[in-house]
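Structure first, commentary second.
Laboratory data are not the source of any read-out in this text; all were calculated from the coordinates shown. What you see is a predicted model; the values in this text were computed from it and never measured. All Cβ positions, even for glycine, are placed from backbone atoms using ideal geometry, and neighbour counts span all protein chains on display.
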Amino acid sequence: MSRQNLETLRIQIDELNLEILRLINERAEIVNEIGKIKEKQGVNRYDPLRERHMLNLLKDNNKGPLNQMTVDYIFKQIFTTSLKQLEESKKKELLVSRKKKSEDTVININGEQVGAGAPTFVFGPCSVESYEQVAAVAESIKAKGLKMIRGGAFKPRTSPYDFQGLGVEGLKILKQVSKEYGLSVVTEIVTPAHIEEALDYIDVIQIGARNMQNFELLKAVGETKKPVLLKRGLAATIDEFIHAAEYIMSKGNENIMLCERGIRTYEKATRNTLDISAVPILKQETHLPVFVDVTHSTGRRDLLLPCAKAAIAIGADGVMAEVHPDPSVALSDSQQQMDIPQFDQFYSEIQQFMKQYELKA
Ligand code: PEP
Ligand code: MN
């Protein structure tokens, strides 16, 4: 008898659950309607006075057995979840998001197809110091059949007394070398005021880590058509990094490459901590090519090769590293740049690695 009674009660509970389900969905539909009206009127969805009124109405009518705290709790949940759902459905997908565009973005830089499968290599000195210095590196890059060179003409340095770069003179050196050796130039721009002039000299605008959230600079490069290499900020989360790229794309420039260059952590063994898992996360979350800068992330020559291998193995679209003909007298980052023989060794080991694992070279 009691068993049958339990069954009957359970059937009643099931029916009540279904009834509650039907009612909360019906309620959600009405909330949607209200949302549309409020949107037209341009008023805020959440109205605390209205919510207070609803809770008071429930309190006045609550005959138990549930106490008022429980009733408030349950209804607060219903109120907030339906509002949240409404906001979710309205949330704008970012332009850089994989949800917005499922295919990989491939960027053509004078014939180099960045993001098309084979990794792109960007080598070059930290700073442009002289024509001879850049040309020496360019020769070695060209000899490897590579197509890009980096070098800073405007250097964002920790101290204002450190070498600040050759400025426009540096851009001219890069342009001359680029013509002579058939290489595309990647160089950092630090202020919107320099963009226009720089456009004639360079092929890729680099936005450095220190400027990742310089929103006026991001918007200004977004207004050009030049490919942009956006470096992750020193202490930027992946979400902040993605939104920085969105600033550029929101202005119409879709040619964006992301570059993981290490983040600041408590670890002192390396200059920064290479966040290698950022690569597949960025590839999942966005449709943009992702680079790894093994020089600034590690600050150690002995780690350049293993980290470059890791970057390629995990799916990076490109690797950046610094090369200087005589690093010990370099005007910036003298500790971490490779000299030319080290560069030759580095590149040949990378190629061997790609062959060994049948990675697209
Ligand atoms: C650079 O690549 O020249 C540079 C300064 O790197 P970051 O902005 O990543 O520190
Ligand atoms: Mn450097």
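Here are the numbers for the structure shown:
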item: Residues in the range 29-60 reached by a label modelled at T80 [backbone nitrogen below 15 Å; 7 Å Cα→Cβ]; result: 46-48, 51-52
item: Long-range HN-HN contacts of M257 with modeled amide H, under 5 Å; result: V228, L229, L230
item: Surrounding net charge for D326, when Lys and Arg each add one and Asp and Glu each subtract one, Cβ distance under 11 Å; result: -3
item: Relative contact order (percent, whole number), the chain, Cα cutoff 8 Å, 6+ residue spacing; result: 15
item: J(HN,Hα) series, the range 106-111, from Karplus relation 6.51 cos²θ - 1.76 cosθ + 1.60, nearest Hz, glycine and proline x; result: 10, 10, 8, 10, 6, x
item: Proximal charge balance of I20 [Cβ under 13 Å; K/R count +1, D/E count -1]; result: -2
item: Candidates A143, A116, A311: whichever shows maximal mean-square fluctuation once the chain is modelled as a Gaussian network with Cα springs under 10 Å; result: A143
item: Protection proxy ranking of 303-310, 119-126 - average other beta-carbon atoms within 10 Å, highest first; result: 119-126, 303-310
item: Protection proxy ranking of 227-235, 70-78, 22-30 - average other beta-carbon atoms within 10 Å, highest first; result: 227-235, 70-78, 22-30
item: Ordering of 154-165, 51-62 by burial proxy (mean other Cβ atoms within 10 Å per residue, highest first); result: 154-165, 51-62
item: Whether the chain is rounded, prolate or oblate, judged on the alpha carbon gyration tensor where a/c under 1.5 counts as rounded; result: prolate
item: ³J(HN,Hα) computed for each position of the range 197-202 - Karplus, 6.51 cos²θ - 1.76 cosθ + 1.60, integer Hz, glycine/proline x; result: 5, 5, 3, 6, 9, 10
item: Estimated vicinal HN-Hα couplings, Hz - the range 223-236 in sequence order (Karplus 6.51, -1.76, 1.60; Gly, Pro = x); result: 7, 9, 9, 5, x, 10, 9, 9, 8, 5, x, 4, 9, 8
item: Cα-based shape type of the range 231-332, given that a ≥ b ≥ c are square roots of the gyration tensor eigenvalues and the cut on a/c is 1.5; result: prolate
item: On Cα atoms only, tilt of 68-90 relative to the major axis of the chain in degrees; result: 40
item: The range 209-291: chymotrypsin sites (Phe, Trp or Tyr not before Pro) in DSSP coil with no more than 14 other Cβ atoms inside 10 Å; result: Y266
item: Degrees, to the nearest 10: 304-313 long Cα axis against longest axis of the chain; result: 50
item: Whole-angstrom Cα spans of the range 309-352 along principal axes, big to small; result: 34, 18, 12
item: Which listed pairs, of K231/K283; K179/K231; K142/K172; K172/K251; K38/K101, have C-alpha distances above 21 Å, in listed order; result: K179/K231; K172/K251; K38/K101
item: Amide proton proximity set for C126, modelled H, under 5 Å, gap of 5+; result: V323
item: The chain - share of DSSP beta bridges that are antiparallel (%, nearest 5); result: 15
item: 10 Å beta-carbon shell around I340, net charge (K/R +1, D/E -1); result: -4
